[in-house]
Amino acid sequence: MTGFSFDAVAAILFIPAGAAAILAAMPNYKMTALVNVIASLLTLLAALSLFVTDRPAPGQYLLVDDLNIVFIVLNTFVGFTTSVFSASYIAHELETGRLTAPNLRFYHAMYQIMMFGMNLAFVSNNIGLMWVAVELATLTTVLMVGIYRTHEALEAAWKYFILGSVGIALALFGTILVYMAAQPVVGEGTNAMVWSVLIEKAAHFDPALLSVAFIFLLLGYGTKVGLAPLHAWLPDAHAEGPTPISAVLSGLLLNVALYAVLRFKLLLAASPQAIGPGPLMVTMGLTSLIFAAFMLYRRRDIKRLFAYSSIEHMGIIVFAFGMGGPLANFAGLLHMVMHSLTKSAIFFAVGHIAQVKGTQKISEIRGLTESHPGLGWALVIGVVAIAGLPPLGIFMSEFLVVSSTFARHPWLAIPLVFGLLIAFGALLLRLTGLAFGEPRGGMAPVEASYVPMYSHLALVFAAGIYLPAPLVAWFQHVAGILG
Amino acid sequence: MNGLTFDIAHLLAGSLVLISFMMLYQDRLFALINVFALHAVVLALSVAWQAYIQDAHHLYITAAIALVFKAIVIPVGLHRIIQRLGIHRDIETAVGIGPTMLAGIGLVTLSMVLMLRVTPEADPLAREDLAFALSIILLGLLVMVTRRNAVSQVVGFMSLENGLVLAATGAKGMPLVVEISVAFSILIAFIVIGVFLFRIRERFDSVDIGALDDYRGERR
């Protein structure tokens, strides 16, 4: 352990925390947007430095291993691109008067606190600390969802708040049960909550207690992942908050909760007599996938449409991790990365589209490729990617999920493919209306930031064509850890 | 552990479950809040007793938070909010009292059977605390789903959280208990302020969640 390597972890945590304090005190909104971007960029660089520097030895609170580096880098990268998108989005909201300058100060400070909470959840080695970090990230997003203070926004925030709190409560009970299971083996005190200690001794824990604990944790954190039937908060929160927040909710916050579930799944897998976490996760994943696929047909609001698509994809990812095994885990990991990149790119496009058209109703948006080619084509590529068409990255990860399912449990592949096809149909149906035909709605030219969305889409496209060998090796290694 | 300390801990945790049951059939908001205040007082006693028998002094802080914040500050605040909002009429329970009580009995049975079965080797006190705590959590959830009024949902959530604190203090030597109880207090303060703000800004005509459901998630 060198002094410098510890700094990288500290930087990931302290840059957002410090930036939040500065942003809360800064009066000038143009500067705050810039500071927000710079802070996010610095956090990303700190996260990338984790690859090259030595890792700190796992402590009582913090841990860096091969698994969470993937999550941290993805998190800080999308956090950075979203902050770039947010700057142009927010400028427009200020012009139209939907947000005021004090709102923005609050918004930017909250953005950085949210990044702090998510990064802390990823690097925490302590299941209690992880719980606190997830709660912090959730609370800040609740506040940002309600920032427009309209009737709908407040209701969405309230619903998110109540369901999120119940989820938090169940997760805490599960955490307490894990402690109870660990305490006779590890002894009292902080060590019985340290993940790297728990995983070593999990084989000696009381399997029944650990199994019950996992059910509570899956339900609790699963609420945050947006798994059906605990998803009710998700579409509202996505539709009524500012679009940059929809992008980070879908692209990042769902991953944080998923990461927590994965950590506990590993714990359970280390205890041979406990129930297998796989069947539970497979069931919840498939339910979410099929439920969300059907719900896609009835959407009239463009942001809700993509919120349901997020539920669908989280279902696929949880399904893949529930299947387990090197190939399915690899596919799940790849799918998670691809989904985060694609979905946030789609929300970047949708944010500008909703601003220029002045509406989120699908029926009032037509012919985008003609009126706004830059945004329209970004949406087309994004939706084609998210629907799982070749040659983009999501096609590859979905193909891997399906083929690994066929290889091991062929009958499970039937509902999986069924759900994928249903969702595919719904998305393409909506896309043709949105992107092609006679243009309708606002025609004003738009000052959009194209760089974030096209860079995400380019990455997804590149991943579909060719995955670099080191990346494949890394993912295979992580998939191996996930068991 | 001698019999008396065990019996007292058992008595306090059992009373919490009983008071949770009392919440199920309160049909007036003021009465519900008073019962909740009683819940918080008993919780404070229970946590203080745990602090005494475990010789864990930091738990006295948790007990003090429960007493001052949950038994005094929040109930008084909610009383004021209800008066300002003029909603001190009957609670509309979404489900009748009879079925609710039966469901409550079922949930308590479920948690007893589940928790006592999976923890045969644990310390008997922690084991029963855990079973009682799960009962309180499930009863709190039941209060939340059977009420339509935002204030009573908040009360349900707070009683649920009391169950969590009971479980956390029962788990011997668990770290971060004080921090978690502080975090939860902040969360609850946010919720209460939220209820208040909703009304003050005249965004909602009522705090009846049923009215909010008119907006079904889809606008035409």
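The values are calculated or read from the model by the stated rules, or taken from the named source; none is laboratory data. This structure is a prediction, so every number in the text was calculated from the model and none was measured. We place every Cβ from the backbone using ideal geometry, glycine too, and count neighbours over all the protein chains shown.
So, residue B:47, is that one in contact with a Phe, Trp or Tyr (Cβ under 9 Å, 6 or more places away or on another chain), part of a helix (DSSP H, G or I) and either within 22 Å of residue B:148 (Cα to Cα) or touching a residue at least 60 places away in the same chain (Cβ under 8 Å) (or both) or not? Before the answer, list the steps.
Values: in contact with a Phe, Trp or Tyr (Cβ under 9 Å, 6 or more places away or on another chain): yes; part of a helix (DSSP H, G or I): yes; either within 22 Å of residue B:148 (Cα to Cα) or touching a residue at least 60 places away in the same chain (Cβ under 8 Å) (or both): yes.
Judged against the criteria, residue B:47 is a match.
Mind checking which residues of the range B:132-186 are β-branched (Val, Ile, Thr), within 11 Å of chain A (Cβ to nearest Cβ), under 21 Å from residue B:105 (Cα atoms) and crowded, with 24+ Cβ neighbours inside 10 Å?
B:136, B:137
Looking at (1) of a type outside the set (A, V, I, L, M, F, W, C); (2) over 26 Å from residue A:222 (Cα atoms); (3) buried (at least 21 other Cβ atoms within 10 Å of the Cβ), which one does residue A:98 not meet, given that it meets all the others?
(3)
Keeping to the range A:162-195, report how many residues are of a type in the set (Phe, Trp, Tyr) and in contact with a Phe, Trp or Tyr (Cβ under 8 Å, 6 or more places away or on another chain).
Taking the range A:162-195 first, the residues of a type in the set (Phe, Trp, Tyr) are A:173, A:179, A:195.
The next check asks that each one be in contact with a Phe, Trp or Tyr (Cβ under 8 Å, 6 or more places away or on another chain); those that pass are A:173.
Residues that pass the stated criteria total 1.
In the range A:360-375, which residues are more than 24 Å from the chain's Cα centre (by Cα) and either within 19 Å of residue A:90 (Cβ to Cβ) or assigned to a helix (DSSP H, G or I) (or both)? Break it down stepwise before answering.
Quick first cut of the range A:360-375, residues more than 24 Å from the chain's Cα centre (by Cα) only: A:361-374.
Correct list: A:362, A:363, A:364, A:368, A:369, A:370, A:371, A:373, A:374.
Answer yes or no: is there a residue in the range A:294-317 that is more than 13 Å from chain B (Cβ to nearest Cβ), touching a residue at least 12 places away in the same chain (Cβ under 8 Å), surrounded by fewer than 22 Cβ atoms within 10 Å (Cβ to Cβ) and not aliphatic (A, V, I, L, M).
yes
In the range A:276-293, which residue that is surrounded by fewer than 22 Cβ atoms within 10 Å (Cβ to Cβ) and of a type in the set (Gly, Ala, Ser) is nearest to residue A:221 (Cα to Cα)?
Among residues in the range A:276-293 that are surrounded by fewer than 22 Cβ atoms within 10 Å (Cβ to Cβ) and of a type in the set (Gly, Ala, Ser), the one nearest to residue A:221 (Cα to Cα) is A:278.
Checking the condition farther than 22 Å from residue A:350 by Cβ, in the same structural domain as residue A:320 (by TED's automatic domain parsing) and among the small types (Gly, Ala, Ser), which residue from A:423, A:444, A:407 passes? Outline the logic, then answer.
Working: A:423 fails: farther than 22 Å from residue A:350 by Cβ; A:444 fails: farther than 22 Å from residue A:350 by Cβ.
Just one listed residue meets the conditions, A:407.
Condition test on residue A:217, is it buried (at least 24 other Cβ atoms within 10 Å of the Cβ), away from chain B (no Cβ under 11 Å), farther than 30 Å from residue A:84 by Cα and not hydroxyl-bearing (Ser, Thr, Tyr)? Before you say what the answer is, go through the steps one by one.
Numbers: buried (at least 24 other Cβ atoms within 10 Å of the Cβ): yes; away from chain B (no Cβ under 11 Å): yes; farther than 30 Å from residue A:84 by Cα: yes; not hydroxyl-bearing (Ser, Thr, Tyr): yes.
Yes: the conditions hold for residue A:217.
Considering only the range B:116-131, state which residues are at the interface with chain A (Cβ under 10 Å from one of its Cβ atoms), surrounded by fewer than 24 Cβ atoms within 10 Å (Cβ to Cβ) and not hydroxyl-bearing (Ser, Thr, Tyr).
B:117, B:118, B:120, B:121, B:122, B:123, B:126, B:127
Every residue in the range A:463-483 that is part of a helix (DSSP H, G or I) and in contact (Cβ under 8 Å) with a residue 12 or more places away in the chain, please.
Initially, the range A:463-483 is screened for residues part of a helix (DSSP H, G or I), giving A:463-465, A:469-482.
A:463, A:464, A:465, A:474, A:475, A:476, A:477, A:478, A:479, A:480, A:481, A:482 - these are the residues of the range A:463-483 that are part of a helix (DSSP H, G or I) and in contact (Cβ under 8 Å) with a residue 12 or more places away in the chain.
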